[in-house]
Every structure is written in structure tokens, then in C-alpha cells.
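S.K.: Please read through the structure below; I'll follow up with questions.
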Amino acid sequence: MNNYIDLRSDTVTKPTDQMRLAIANADVGDDVFGDDPTVNLLQERVASMFGKDAALFVPSGTMANAVSILAHTRRGDEVIVEKESHTFNYEAAGPAVIGGVQLHPITGEKGILTASQIACAIRPPGDIHLPPTRLICLENTHNRGGGKIYPIEDIRAICETAKANQIKMHLDGARIFNSCVATGLKPRDYGRLFDSIMFCFSKGLGAPIGSIITGSSEFIGHAVRYRKLLGGGMRQVGILAAAALYALDHHIERLEIDHKHAKLLAGALAQINRFSIKPEDVETNIIIFDVTNSGRNAVQIVDILGAKGVLMVPFGEYLVRAVTHLNIDSEQIDAAIRTIQQCFA
Ligand SMILES: Cc1ncc(COP(=O)(O)O)c(C=O)c1O
């Protein structure tokens, strides 16, 4: 994939030379015994960034969400999610398969739900026919919502509804730092509103592997057990925690560059009559555009661009997704724009 401009996802990044150096020099120990000093450092650092008691390093975002849902719920419980969320669509029904938990999907606007929608979806307690609503999961930024930032005032209102009904709140914050950089909000601003938050090091932050969950000591105590149950207890994993620490130090502020590139690309796509996209809707590093008027479907558009060396993914029959990231520089954005213009203008 070396000669391609790979806009399929921000998961395709490769560790930089400096990150590889941090990996090579990492102090390690057996993390299942709690002995890995680099993992411990990472977990303490993340907990403190989000104003939480503790954190837990896990192999993937999918496992982070599964572990969090398992740790918050019991079999037969219900979890409110947004219909286009990653958890509902792309996590292999893990909460249902492993946890016996029912996901209750509600349709949002670009992935955003309102407090009143949630209030309507909460099951009234005391009726034996109904699964108890135990947890609300939000996603920020929202992947299928085109990298949409969850407005903090909406989260606050949902949080109040959740508290009034004694329901826990979990954030799939796979790309939370894209949101922090774009809004100027701090991780703690989100930490205050959620019982648990997970984010990924292997997306915009550019690490090869790893996600993390943060929450109360009690919650993380349950989460460690579920991580083990899922086979996610890792041994000398400080080599990966070192990459994650490096990413926290060096790859957060630069997300602004990815957002700038995404805006440029969205602006160029908006100039092409056959495509439809509102550049003002592109808030972070994900661009989703509609190809209905091109006379071709998303797979065909992606194939045409792929043959010219620009990789994107179909995201629905007539929707195409492109994602900017650490391994895409401004020359590659310019080159991608030229290719798109040559193929479709
Ligand atoms: C919003 C969101 N949550 C969770 C995940 C899952 O992460 P992973 O691929 O590490 O399992 C992704 C992956 O793309 C994602 O976009």
C-alpha cells in the first residue's frame, strides 16, 4: 500500500521512527500480575487526564466497549445506543453474545441523540415484561455521523436524564481527542459526564495497537475480570503502552492538521456536481459524501479512485467515506484532490 494515498481509515497509520524507538526502549513486566511499569504509567496518566480513579489498557476498541458494557450490566439488561453507532453495527453483537444484554437502538441526527429521545426510550421500572435500562452509550466523535462532535450541552442534558433514572453512562470515545482538539474541551470535561470512557490509540493517535477504558476503581475492578474472560489479559505489553504514551505526548495537537486536510478534501468534493457533501458538516477527520447523482454506486466510485491510487471505503450503497490521518500530508491531499477532479469533474 506504499504508493497509495490511503484514506480508508485512521487505523492504517504506521508507527513513526520515534514511536518505534519508544517501543524498543520500553521497560516491561507481566501485566496480568500488574507488574508492567509502562502499562501502569499509561493507566495512571489516562485516569488523571480524565479525572477518574483508574484505567485499563485493552487490545482494541471493540474489546473496550464490550468490557465496559459487561462491567456495567447484568444478563437481561438493556443498553441504549444510537442506531448508527459502532457498537450497534460493527462489534459482532458482542454485548448480546457474551453478556446476554439487549441493545436498544435509537435513530439520531448524524449520530446525536437528544435527552428527550433517551427519556422516551428508558423502560419504566417495576414492570416484569420490560428489560431494565441499565446503561446509555454515546459515541464521540461519531464515525458513521461523519466524525460529528457530540455537543457537550446535549451530553449534559442526557447525563441529567441518566442520573434521574439511575442509569450509567458510557462513552465510546474512540476518537475523543479529535473532539478535544476541535472544541478546546479537556478530557476532564468529558470525564465528569460519563461513568466510563474508552478511547483508541490505534486511530488518529497513530499507535499500532491498543485502547483504554477509564472509570471508578470499582468499575475498573470488574473490567479487569471481563478483559481476562475475553482473552485480553496481556503480558509484557509495555511495548505497546510505550507507543500509547508516545502518542499522548506527540500526536494529540497535530490532529488539527488532519481536520484541516479533511476540510480541504470536503471543499474539493463539494465542487464536483456529481457528489454531494456540505463542507461545514465536516467537523473532524472523517468525510462522508453522497454519490447518488454520479450514476454510480459507492463501490464503483471507490473502485475508480482505487485504480488511480486513492483509497476510500464504501459506507452505504451511495455513501463513500474518507478519513485523514497521521500518514497523510498536505501534498497527498492535493494529489488526492487532483485525482478526484480528473476522474469526476
Ligand atoms: C467509534 C468506534 N468505536 C470503536 C471502534 C473499534 O475499534 P477497534 O477497531 O480497535 O476494535 C471503532 C473502530 O473503527 C470506531 O470507529
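S.K.: Residues being touching a Gly at 6+ places or on another chain (Cβ under 9 Å) and surrounded by 17 or more Cβ atoms within 10 Å (Cβ to Cβ): count how many of those fall in segment 87-101.
M.R.: Selection size over segment 87-101: 3.
S.K.: If you don't mind, another one. Quick check on segment 217-225. Is at least one of its residues modelled with pLDDT of 95 or more, part of a loop (DSSP other than H, G, I, E, B) and within 21 Å of the chain's Cα centre (by Cα)?
M.R.: The answer is no, given that none of the residues of segment 217-225 is modelled with pLDDT of 95 or more, part of a loop (DSSP other than H, G, I, E, B) and within 21 Å of the chain's Cα centre (by Cα).
S.K.: Right, here's the next one. Just one of A64, A24, A71 is surrounded by 16 or more Cβ atoms within 10 Å (Cβ to Cβ) and either away from the ligand (no atom under 16 Å from the Cβ) or farther than 19 Å from S196 by Cβ (or both); which is it?
M.R.: A71
S.K.: Would you kindly identify the helices (runs of 4 or more DSSP H) lying entirely within segment 230-345 that contain at least 2 residues that are among the hydroxyl-bearing types (S, T, Y) and at pLDDT 95 or above?
M.R.: It comes to 330-344.
S.K.: Taking the condition of being over 20 Å from A157 (Cβ atoms), more than 16 Å from the ligand (Cβ to nearest atom) and in contact with a His (Cβ under 8 Å, 6 or more places away or on another chain), how many residues in segment 181-221 meet it?
M.R.: Here the count works out to 2.
Results for (1) more than 28 Å from V28 (Cβ to Cβ); (2) among the hydrophobic types (A, V, I, L, M, F, W, C), shown as yes or no for each residue.
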{"site": "G238", "(1), (2)": "no, no"}
{"site": "A243", "(1), (2)": "no, yes"}
{"site": "D249", "(1), (2)": "no, no"}
{"site": "L264", "(1), (2)": "yes, yes"}
{"site": "F275", "(1), (2)": "yes, yes"}
{"site": "K278", "(1), (2)": "yes, no"}
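S.K.: Taking the stated definitions as given, is V282 hydrophobic (A, V, I, L, M, F, W, C), without any contact (Cβ under 8 Å) to a residue 60 or more places away in the chain and farther than 30 Å from D36 by Cβ?
M.R.: no
S.K.: Exactly one condition in (1) without any contact (Cβ under 8 Å) to a residue 12 or more places away in the chain; (2) closer than 27 Å to G231 by Cβ; (3) more than 16 Å from the ligand (Cβ to nearest atom) is false for P37; which is it?
M.R.: Result: P37 fails condition (1) only.
S.K.: Let me ask something else. If E82 satisfies every condition in (1) closer than 30 Å to G231 by Cβ; (2) in contact (Cβ under 8 Å) with a residue 40 or more places away in the chain; (3) more than 16 Å from the ligand (Cβ to nearest atom) but one, which is the exception?
M.R.: (3)
S.K.: State whether one or more residues within segment 219-230 are surrounded by fewer than 20 Cβ atoms within 10 Å (Cβ to Cβ) and more than 30 Å from Q166 (Cα to Cα).
M.R.: Checked segment 219-230: no residue is surrounded by fewer than 20 Cβ atoms within 10 Å (Cβ to Cβ) and more than 30 Å from Q166 (Cα to Cα).
S.K.: So the check is Cβ under 6 Å with 6+ separation or different chains; which pairs have a first residue in segment 298-323 that's in the same structural domain as P279 (by TED's automatic domain parsing) and charged (D, E, K, R) and a second one that's surrounded by 22 or more Cβ atoms within 10 Å (Cβ to Cβ) and in a strand (DSSP E or B)?
M.R.: Short answer, once both residue conditions are applied: R321/I288.
S.K.: Identify, please: which residue in segment 45-61 is assigned to a loop (DSSP other than H, G, I, E, B) and not acidic (D, E) and is, among those, farthest from the ligand (Cβ to nearest atom)?
M.R.: G51
S.K.: Enumerate the pairs (first residue in segment 8-21 and assigned by TED's automatic domain parsing to the domain that holds L305 and within 11 Å of the ligand (Cβ to nearest atom); second residue anywhere and of a type in the set (G, A, S) and at pLDDT below 95) with beta-carbon separation below 7 Å, excluding pairs fewer than 6 apart on the same chain, so at least 6 apart or on different chains.
M.R.: Partner pairs satisfying both residue conditions: none exist.
S.K.: Considering each residue of segment 117-151, count those that are within 20 Å of the chain's Cα centre (by Cα) and surrounded by 15 or more Cβ atoms within 10 Å (Cβ to Cβ), and give that number.
M.R.: Matching residues across segment 117-151 total 16.
The values are calculated or read from the model by the stated rules, or taken from the named source; none is laboratory data. This is a predicted model, so every value here is computed, not measured. Glycine gets a Cβ as well: all are built from the backbone with ideal geometry, and neighbour counts include every protein chain shown.
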